[in-house]
Amino acid sequence: MILQLFFERHRAAIREGYSAPFLPFAFWGQIGEPPVVAFDLKEIIASRLGENYQLHERHVNRTLVAAQRVIGFDRVYARAEGAYLYDMDNQPYLDFLSGYSVFNIGRNHPLVQQAIRDVLDLDLPNMVQMDCSLLSGLLAEAITKRTPPHLDAVFFCNSGTEAMEGALKFARAATSRKRAVSLASAFHGLSLGALSLMGCESFTEGFGPLMQGFDARVPLDDLEALDRELRSRDVAAFVIETVQGKGCQTPKTDFFVRAQELCRRYGTLFISDEVQTGLGRTGKMFGFQHWDLEPDIITLAKTLSGGYVPCGAIVTRRDIYQKTFSRMDRCVVHSTTFGRNNLAMACGLAALEVIDQENLVDRAGKMGALLMEKVDALRAKHSFIKEVRGKGLMIGIEFHEPSEFKLKMAWKLLHKIDKVLFAQMVVTQMLSKHRILTQVAGHAMDVMKILPPLIIGEKEIDMFVNALDDVLTECRKFPGSMWELGNNFVKAALGSKRAVQAAVSAKL
């Protein structure tokens with residue numbers, strides 16, 4: 001009977017286009033034999049590593065490829081460990097970007113790797129959907145052990161953007177209001193609702209109209225402007241980043257404390273976006289703890305994944321949570337297919353354990369203070385540096401027009417083309433000459449942003465500070481190699497503008 005079934009299925013498989021060694025997995029389950037699968041991922045990567053940019057130019061985002069080539073970021077990284085990336089020649093690169101704060105615990109941490117192996121070995125049921133999985137319950141418990149007592153209910157999703165979208169829905173359901181207010185220069189994600197909270201035209205251009213009622217932006221430290229927005233009592237939520245991702249700005253006053261008081265007075269929920277600032281980045285477990293705030297909702301992602309599997313979370317008060325899931329027929333009124341998947345939950349549990357075991361929250365505070373102190377000391381030597389700011393290891397270094405006459409002229413030339421060119425010039429040279437990966441903090445900003453893994457020590461701090469000193473020293477030589485690099489950026493920027501204008505003209 002088994003053999004007869006075998007040959008019948010064998011012939012059927014060939015008719016469906018399968019070759020003999022690749023019969024459907026379901027068939028092998030019936031006769032108890034494992035499938036033969038000719039797939040060797042290690043061999044594929046070994047044979048094709050180096051084709052990265054050609055593949056992306058052909059099949060993915062060719063504009064991103066062009067931009068990375070212009071700024072010299074078209075490197076091929078072959079492996080990663082801790083605070084370092086390694087290229088195909090095994091040359092180390094100090095990672096002061098951390099995947100935008102995904103790798104707070106460092107890259108490829110062995111404890112997270114082991115958690116993934118354990119989950120795979122256990123053959124657990126995954127994403128049954130019509131159940132309550134153990135791992136998601138355990139991760140929710142672990143998160144709420146680290147939040148203030150009033151934040152005791154968790155919803156899992158896949159990213160920071162998705163967490164913010166859900167938080168806005170929760171706020172609307174809890175308040176029966178439609179509006180949301182955010183800060184000027186805010187960044188909360190790039191899906192439509194989160195995008196609508198952002199005032200940066202470089203991200204919103206071409207995607208309008210955005211969400212109605214989400215267009216109010218309050219300048220940081222402007223309490224009167226916030227009061228004017230909230231006093232109408234139609235605002236569901238006021239959303240903040242405790243350290244802004246774009247520019248690394250924080251209040252210079254007690255603005256957050258007073259803002260929370262206004263939210264309480266007018267019945268507006270107070271949401272703290274902790275996607276980048278949470279889980280140790282700022283020297284506290286959560287950024288809002290620097291001001292002893294009690295937000296109604298927080299959003300998490302990035303570090304929560306441990307760097308392997310997308311993982312995000314909304315953490316809120318139980319009464320707010322229940323306003324969304326208010327009846328049995330609404331028990332899945334907000335849901336996401338992959339939000340509670342076992343791999344993500346296991347990675348989250350492992351990442352939180354690493355943060356605790358390695359005392360990374362305290363380490364971020366100490367190393368961040370040392371790093372800012374050493375960079376700030378360069379201001380006496382380099383008039384390019386205006387300010388060093390941030391919390392913990394979320395740091396912005398702002399540049400401004402130098403005092404030297406020749407350098408003023410060079411600065412003005414770059415800024416006539418694009419305000420970001422000087423910062424990009426520094427960031428590019430940090431990578432090309434010193435193999436240190438950083439980023440520009442935002443569109444039209446003279447700010448370099450650094451987000452090192454929280455595991456760094458004094459060795460990595462000195463490497464960064466010495467490299468920055470060297471790059472800024474080269475900037476003082478005009479004419480010189482740094483300004484020639486800037487000239488190349490100018491040519492690329494002008495060429496890009498001409499290409500866009502030509503494309504628009506062709507359509508007309």
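Before moving on, here are some points about what is shown:
- Over 27 Å between alpha carbons, listed pairs K246/K412; K252/K412; K381/K433; K302/K381; K366/K419: K252/K412; K302/K381; K366/K419
- The amide H of A78, built 1.01 Å from its N in the peptide plane, has Y86, D87, M88 as neighbours under 5 Å, considering only residues 5 or more places off or on other chains.
- Across the chain, the relative contact order, built from alpha-carbon pairs under 8 Å that are at least six residues apart, equals 17 percent.
- Mean-position separation - Cα centroids, the stretch 30-109 and the stretch 304-340, in angstrom: 31 Å
- For A153, the amide hydrogen comes within under 5 Å of the amide hydrogens of T316, R318, counting only partners 5 or more places away or on other chains and with H modelled in the peptide plane.
- Each DSSP beta bridge with both residues in the chain is either parallel or antiparallel, and the antiparallel ones are about 65%.
- Shape class of the stretch 180-258 from the Cα gyration tensor (axes a ≥ b ≥ c, square roots of the eigenvalues): oblate, since a/c reaches 1.5 or more and a/b does not exceed b/c.
- Taking a span of 15 Å or more along the helix axis (Cα atoms) and a mean Kyte-Doolittle hydropathy of at least 1.0 as the rule, the DSSP H helices of the chain that qualify are 134-144, 342-357.
- For the chain, a simple Cβ point-charge model (Lys and Arg +1, Asp and Glu -1, everything else neutral) yields a dipole of about 1360 debye relative to the Cα centre.
- Peptide packing: for 301-313, 143-155, 351-363, the average count of neighbouring Cβ atoms within 10 Å per residue gives the ranking 301-313, 351-363, 143-155, highest mean first.
- Shown is the FRET efficiency for T144 and Y100, computed with R0 = 25 Å from the Cβ-Cβ distance and rounded to the nearest 0.05: 0.50.
- Descending semi-axes in whole angstrom, ellipsoid equivalent of the chain, from the Cα gyration tensor: 40, 33, 24
- Where only DSSP H runs of four or more residues are counted, the chain gives -14000 deg cm²/dmol as its mean residue ellipticity at 222 nm, each run worth -39500 (n - 2.57).
- Principal axes of the stretch 383-428: Cα extent on each, largest first, Å: 35, 20, 15
- Computed about its Cα centre, the charge dipole of the stretch 68-114 is approximately 100 debye, with only Lys, Arg, Asp and Glu carrying charge at their Cβ.
- Cα lying deepest toward the dipole's positive end in the chain, options S305, G189, M88, charges on Cβ: G189
- Whole-percent pair-distance distribution, where bins are 5 Å wide, for the alpha carbons of the stretch 93-204: 2, 8, 11, 15, 19, 17, 13, 9, 4, 1, 0
- The residue among F478, S98, T268 whose Cα reaches farthest toward the positive pole of the charge dipole of the chain, with charges on the beta-carbon of Lys, Arg, Asp and Glu, is F478.
- Residue (of L122, H400, H415) at the positive-pole extreme of the chain, dipole from beta-carbon charges: H415
- For the stretch 144-184, the convex hull spanned by the alpha carbon atoms encloses 114 Å³ per residue.
- Convex hull of the stretch 215-321 built on C-alpha atoms - directionally averaged projected area, nm²: 7.4 nm²
- The string of couplings for the stretch 299-304 from the Karplus curve (6.51, -1.76, 1.60, θ = phi - 60°) is 10, 10, 5, 6, 4, 4 Hz, one whole number per residue in order, with x for Gly and Pro.
- Difference of contour (0.36 nm per residue) and Cα-Cα distance, D131 to D118: 2.5 nm
- For the stretch 123-131, the Karplus equation 6.51 cos²θ - 1.76 cosθ + 1.60, evaluated at θ = phi - 60°, returns couplings of 6, 5, x, 10, 6, 4, 6, 8, 7 Hz by residue, with Gly and Pro reported as x.
- Residue-span extension gain [H443 to E373] - 0.36 nm each, minus C-alpha spacing: 22.6 nm
- Charged side chains reduced to their Cβ positions (Lys and Arg at +1, Asp and Glu at -1) give the stretch 76-153 a dipole of some 200 debye around its Cα centre.
- Kirkwood-type radius of the stretch 35-167, with distances r between different C-alpha atoms, in Å: 19.1 Å
- For the stretch 83-131, average projected area of the Cα convex hull in nm²: 5.5 nm²
Just so you know, all these numbers are worked out from the coordinates, no wet-lab data involved. The shown structure was predicted, so the numbers you read here are calculated from the model rather than taken from an experiment. FYI the Cβ positions are ideal-geometry reconstructions off the backbone, even for glycines, and counts take in every protein chain you see.
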